[in-house]
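Following: one structure in structure tokens, then a few remarks.
The values are calculated or read from the model by the stated rules, or taken from the named source; none is laboratory data. Remember, it's a predicted structure, so these values are computed and weren't measured experimentally. Cβ placement follows ideal geometry from the backbone for every residue including glycine, while neighbour counts extend to all protein chains displayed.
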Amino acid sequence: MFPSRLIRRRLLVPVAALCLGLSSLAARAQTQTQTLTISAAASLTNVLKDLAPRFEASRPGVKLQFNFAASGVLIQQIAQGAPVDVFISADEETMSRGIAQRLLDPASRKDIASNQVVLVVPADVTGLAKVSSVADLAAPAVKRVAIGKLASVPAGRYARQSLEAARLWAALEPRLIHADSVRQVLDYVARGEVDAGFVYATDAAVMADKVRVVSRVDGHDPVRYPAALVSDGRLKPQAADFLAFLLGADAQATLAKAGFGRP
């Protein structure tokens with residue numbers, strides 16, 4: 001009898017340890033980090049990355065994951081089932097399209113910032129045409145002008161509106177280089193691969209050493225950044241907290257410092 005009791009006692013110790021381990025794993029699972037996925041317009045890349053640590057510090061257990069691209073590309077990804085919690089567009093048109101397709105929650109829609117389209121040229125214009133205004137783009141010496149793709153990049157549509165208002169679109173269309181995002185336009189200009197390009201003022205500030213702003217661009221719709229919760233998002237309370245954070249004094253001050261205007 002004694003050996004049997006001893007064996008049972010020895011078995012009880014590992015079983016108790018196993019139960020304790022499973023309880024610890026369950027507790028850790030309950031406090032596991034939740035990842036909030038934000039799909040945002042490419043022009044917000046730097047400022048949102050700057051803001052991320054502050055939001056995460058104020059929301060223990062929540063981590064931000066960003067997906068930056070042209071607004072039209074992002075809404076298409078959401079339509080195809082990409083797991084996203086918050087969408088931030090660089091124009092009202094794309095946001096309205098997402099709401100019409102029931103991809104986004106219309107009650108959550110909020111404008112978080114505004115911006116301005118500018119015409120930029122390479123800092124080193126050696127071998128390139130001299131451009132100091134939108135009107136100069138019509139000169140025969142100007143061979144390549146970069147803009148975002150009209151179907152997916154809001155900055156490209158803003159540029160087209162401006163060129164049409166200036167009656168320059170038809171003349172310039174054969175010389176246009178269409179980019180996948182406003183940041184790609186910025187890269188083309190920075191590398192001197194085009195004579196000029198249309199970007200946002202905040203993008204130009206990111207590469208102030210490689211591009212030069214020659215003109216503010218008018219004649220287009222106001223550049224606003226609407227944000228909304230994704231209808232199928234998994235973390236709606238945390239997503240709503242993030243939108244509220246973006247409209248708070250701290251985030252708005254950071255957006256302003258980066259060159260963005262008030263919503």
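Residues checked against (1) in contact (Cβ under 8 Å) with a residue 24 or more places away in the chain; (2) in a loop (DSSP other than H, G, I, E, B); (3) not hydroxyl-bearing (Ser, Thr, Tyr):
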position	(1), (2), (3)
Lys143	yes, yes, yes
Ser152	yes, yes, no
Ala159	yes, no, yes
Arg167	no, yes, yes
Ala171	yes, no, yes
Pro174	no, no, yes
Arg183	yes, no, yes
Leu186	yes, no, yes
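Would you mind stating whether Ala204 is at pLDDT 95 or above and closer than 15 Å to Val117 by Cβ? Considered against the rule, which asks whether it is at pLDDT 95 or above and closer than 15 Å to Val117 by Cβ, Ala204 comes out as yes.
Number of residues in the range 44-59 that are over 12 Å from Asp241 (Cβ atoms) and at pLDDT below 95 equals 0. The residues of the range 60-81 that are surrounded by fewer than 16 Cβ atoms within 10 Å (Cβ to Cβ), assigned to a loop (DSSP other than H, G, I, E, B) and modelled with pLDDT of 95 or more, listed by number, are Gln80, Gly81. On the basis of being on the phi > 0 side of the Ramachandran plot and either in contact with a Phe, Trp or Tyr (Cβ under 8 Å, 6 or more places away or on another chain) or not acidic (Asp, Glu) (or both), does Gly259 make the cut? Answer is yes for this residue.
Matching residues to (1) more than 29 Å from Ala253 (Cβ to Cβ); (2) of a type in the set (S, T, N, Q); (3) in contact with a helix residue (DSSP H, G or I) (Cβ under 9 Å, 6 or more places away or on another chain):
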residue: Gln116; (1), (2), (3): no, yes, yes
residue: Leu119; (1), (2), (3): no, no, yes
residue: Val131; (1), (2), (3): yes, no, yes
residue: Ala135; (1), (2), (3): yes, no, no
residue: Ile147; (1), (2), (3): yes, no, yes
residue: Ser162; (1), (2), (3): yes, yes, yes
residue: Trp169; (1), (2), (3): yes, no, yes
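Restricting the range 215-232 to residues that are buried (at least 17 other Cβ atoms within 10 Å of the Cβ), more than 17 Å from the chain's Cα centre (by Cα) and of a type outside the set (S, T, N, Q), the residue that is farthest from Glu93 (Cα to Cα) is Val217.
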